[in-house]
Ligand SMILES: Nc1ncnc2c1ncn2[C@@H]1O[C@H](COP(=O)(O)OP(=O)(O)O)[C@@H](O)[C@H]1O
Ligand SMILES: [Mg+2]
């Protein structure tokens, strides 16, 4: 199937090595507005590294990134943010010694007319968005080190959602969540998708991927095994791609 | 009963670490007052104590930022010596020839030069640390040797004296104080400002609909703060200037001392400088983006980087600030002695680091307060002055200070583990 509209994001021929390890080995993926693309693969397959190139955390050794069909230069996380790319990192990337509001607004603090950090305004905004995302969240004045895994994850999710992302990267966003919270994230993904946001979703849960994603790209040892329309494949097809590195398209 | 007290503290919103440090300070004071037969807790001794704390206290506020971001600065003592020597040479050998001896601009130019030079040296070291990624421990260990050597070189080891008369006032001493009236004005202003800030913060929080402390708790905290400020002012204003000093001051003005006049010291200028530095640094830490990034980077450098913070440039700024504060400390230290010697500030790096660490700054990064560092400096200075007054031998003094440092950090670790922070 040929895509008719220009993709929101195209990553072409991306490669990067660490020492001798080819962490991402000439990979192509793309993402449309209002689409959820799953990234699958074993631990160490290169998923996090690939999306960290999009989020500006790493600079690729080669390849190019197009945003809305135009070549984008993303050299650091600030550049990525300027393209409205928001990221929930696998490690969450929270400053444990700061409270939820300081983390949510880190690098883009709300300031008063004098340019001073406005903690009260940030806390008010944080309370507002947390009220929608995770109504049980109450620890607004504690450092995030005092929060549970799920609460920390919801802070990281709130940060990515708050700033009107057009491109959202979620690296195992539900890893530390219970079933209740996981369901909430699923609903959030569906809502954001309906708003026209493009989402890269890294997940280990095949069931989640089948339910939430439009397409899935599978990686193994840094290489792209293949990209499939989720509607055209079964759970077992995806598993075969992950484990054996076999592309179902090839067997037909 | 115990819960009742804890409840009261919770409502007051006082942090227990702060209370612990104040408790430790009071304990040190009471013990020494007992062993010196009441000579420790006198206006005279507390005046000296606060003046002696000023130089290290000023640097300790900067060391908080350095240590919070998981760095260290071993060069501050040597840098203080080098900057002090150059300031001494400037105001004694260079500026009088250009402007005339005793010109009122000499001290201003000298002071600004010292602060600028300190910032420059600090920025340079910060650049090596941030951009060339040489560990701060190594860079500033090198700096310790370099700047101490350079301090000797300025005059080939000669002590520079006497310093400019106005400049010397910045070090305290009989004339370098505010006197009664200005001290009261300052004390009242500071107390008033503290109360206004508390009230503003409360109304801001209330306007966002947050839960605020009960009024009685707010009033208690405000009352304690105001009482401390005014109490210190009163104490300093109850320390009389010796008759000889009064005579000298009037003689210098070509007047005779009026009958029955009793002048007092009041708040010393270096203490005023320390208080100003503390206020500015607290403001920087809590209300500016720079301060926020310092703590974020200390808590999780990777997260700070991923949030778009330029942590390399931040490192340069932090060390430049440390350098500027070292410049201010060099002004105080040399002005207090009335001369600049190339061993000025020797071992100060250890006092400064100890003050910050005793004040609750964690070497693991991310945690530390300005007021804590100043309290730490005051505790250290109290220990040293107290032991000197009691007549403890110098080697034993060093042993005690060393043991206290390790013990204080151990207590802090236990406290943190208990509170899970
Ligand atoms: N900063 C780094 N330095 C060195 N090696 C890295 C770095 N980041 C990732 N790698 C390596 O790249 C490979 C891919 O890792 P990663 O992208 O985290 O995999 P995944 O997210 O799919 O589990 C692994 O072999 C990992 O060890
Ligand atoms: Mg990963």
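Compared with the dominant Cα axis of chain A, that is its longest principal axis, helix A:235-244 is turned about 80°. Helix A:119-133 and the longest principal axis of the C-alpha atoms of chain A enclose an angle of approximately 50°.
Inverting the pair-averaged 1/r between distinct Cα atoms of chain A gives 18.8 Å as its Kirkwood hydrodynamic radius.
Round to the nearest 0.05 the FRET efficiency obtained for residue A:5 and residue A:128 when R0 = 25 Å and r is the Cβ-Cβ distance.
On the way: r = 34 Å, r/R0 = 1.35.
After rounding to 0.05, the efficiency reads 0.15.
Computed from the Cα positions only, the extents of segment A:98-164 along the three principal axes stand at 36, 25, 17 Å, in decreasing order.
Kirkwood hydrodynamic radius, segment B:49-164, all distinct C-alpha pairs: what's the number in Å? Let's see the in-between values first.
Details: mean 1/r = 0.0649 Å⁻¹.
About 15.4 Å, per the Kirkwood formula over Cα pairs.
Put in order of Cβ neighbour count within 10 Å, fewest first, the listed residues A:49, B:220, B:326 become B:220, A:49, B:326. Take the Cα of residue B:234, step 7 Å toward its Cβ, do the same at residue B:256, and the gap between the two points is 3.7 nm. In plain terms, the chain from residue B:389 to residue B:158 could stretch by 80.0 nm, reckoned as 0.36 nm per residue minus the Cα-Cα distance.
May I ask you to compute the full-extension gain from residue A:78 to residue A:141, defined as 0.36 nm times their residue separation minus their alpha-carbon distance, rounded to one decimal in nm? Working shown, then result.
Working: separation 63, 0.36 × 63 = 22.68 nm, distance 2.71 nm.
Difference between extended and current length: 20.0 nm.
Our helix-only sum for chain A, with -39,500 (n - 2.57) per DSSP H run of n ≥ 4 divided by its residues, gives a mean residue ellipticity at 222 nm of -9500 deg cm²/dmol.
Report relative contact order for segment A:29-166 in percent, whole number only (criteria: Cα-Cα under 8 Å, sequence separation at least 6).
Numbers: 133 pairs, mean separation 32.7, N = 138.
About 24 percent, as a whole number.
Using only Cα coordinates, the Kirkwood hydrodynamic radius of segment A:1-128 works out to 16.8 Å. Rounded, prolate or oblate: which one fits segment B:1-82, using the alpha carbon gyration tensor with axes a ≥ b ≥ c (rounded when a/c is under 1.5, else prolate when a/b beats b/c, else oblate)? Note, shape of segment B:1-82 comes out oblate.
With viscosity 1.002 mPa s and temperature 20 °C, the Kirkwood radius over alpha carbon pairs of chain B converts through Stokes-Einstein to a diffusion coefficient of 94 µm²/s. State whether segment B:98-204 is rounded, prolate or oblate according to the following rule on the C-alpha gyration tensor (a ≥ b ≥ c being the square roots of its eigenvalues): a/c under 1.5 gives rounded; otherwise a/b larger than b/c gives prolate, and the remaining case gives oblate. Oblate, since a/c reaches 1.5 and b/c is not below a/b. The modelled label-to-label distance between residue B:93 and residue A:64, using points 7 Å beyond Cα along the C-beta direction, is 6.2 nm. The slack in the chain from residue B:227 to residue B:44, taken as 0.36 nm per residue of separation less the alpha-carbon distance, amounts to 63.9 nm. Temperature 20 °C, viscosity 1.002 mPa s: under these conditions the Stokes-Einstein estimate for segment B:204-347, based on its Kirkwood radius over C-alpha pairs, is 106 µm² per second.
Suppose R0 equals 56 Å. What FRET efficiency, 1/(1 + (r/R0)^6) with r the Cβ-Cβ distance, do residue B:243 and residue B:131 give to the nearest 0.05? Write out the running numbers ahead of the final one.
On the way: r = 58 Å, r/R0 = 1.04.
After rounding, the FRET efficiency stands at 0.45.
A viscosity of 1.567 mPa s and a temperature of 4 °C, combined with the Kirkwood radius over C-alpha pairs in the Stokes-Einstein formula, give segment B:151-253 a diffusion coefficient of 73 µm²/s.
For the protein assembly as shown, which semi-axes, largest first and in whole Å, follow from the square roots of 5 times the eigenvalues of its Cα gyration tensor? Please list the in-between numbers first.
Working: eigenvalues 673, 162, 90 Å².
That gives 58, 28, 21 Å for the three semi-axes.
Remark: mean inter-chain Cβ contacts per residue of A:72-78 equal 2, using a 10 Å Cβ-Cβ cutoff to other protein chain atoms.
Mind telling me which of B:259, B:175, B:305 comes out most flexible in a GNM of chain B, alpha-carbon contacts under 10 Å? Among B:259, B:175, B:305, the largest GNM mean-square fluctuation belongs to B:259.
Of the residues B:79, A:241, the one with the fewest other Cβ atoms within 10 Å heads the list, and the complete ranking is A:241, B:79.
Run the numbers on segment B:245-324 and let me know its relative contact order in percent, using alpha-carbon pairs under 8 Å that are six or more apart.
Numbers: 26 pairs, mean separation 10.2, N = 80.
With pairs under 8 Å counted, the relative contact order is 13 percent.
Ignore the peptide's own chain and count Cβ atoms of other chains within 10 Å of each Cβ in A:89-96; give me the average, rounded. Mean partner shielding for this stretch: 5. For the residues of B:304-313, the average number of beta carbons from a partner chain within 10 Å of their own beta carbon is 6. For segment B:213-243, the residues whose backbone nitrogen is under 11 Å from a point 7 Å from the Cα of residue B:264, taken along Cα to Cβ, are B:231-241.
Quick check: the angle from helix A:179-194's long axis to the longest principal axis of chain A, C-alpha only, nearest 10 degrees? Result, in degrees: 80.
Computed from the C-beta positions of residue B:103 and residue B:290, the FRET efficiency with R₀ = 56 Å rounds to 0.95. From least to most packed, judged by other beta carbons within 10 angstrom and beginning with the fewest, B:250, A:162, B:265 follow the order B:250, A:162, B:265.
Bear in mind that the values in this text are calculations on the coordinates, not laboratory data. All values derive from a computational prediction rather than experimental measurement. All Cβ positions, glycine included, derive from the backbone under ideal geometry; neighbour counts span all protein chains shown.
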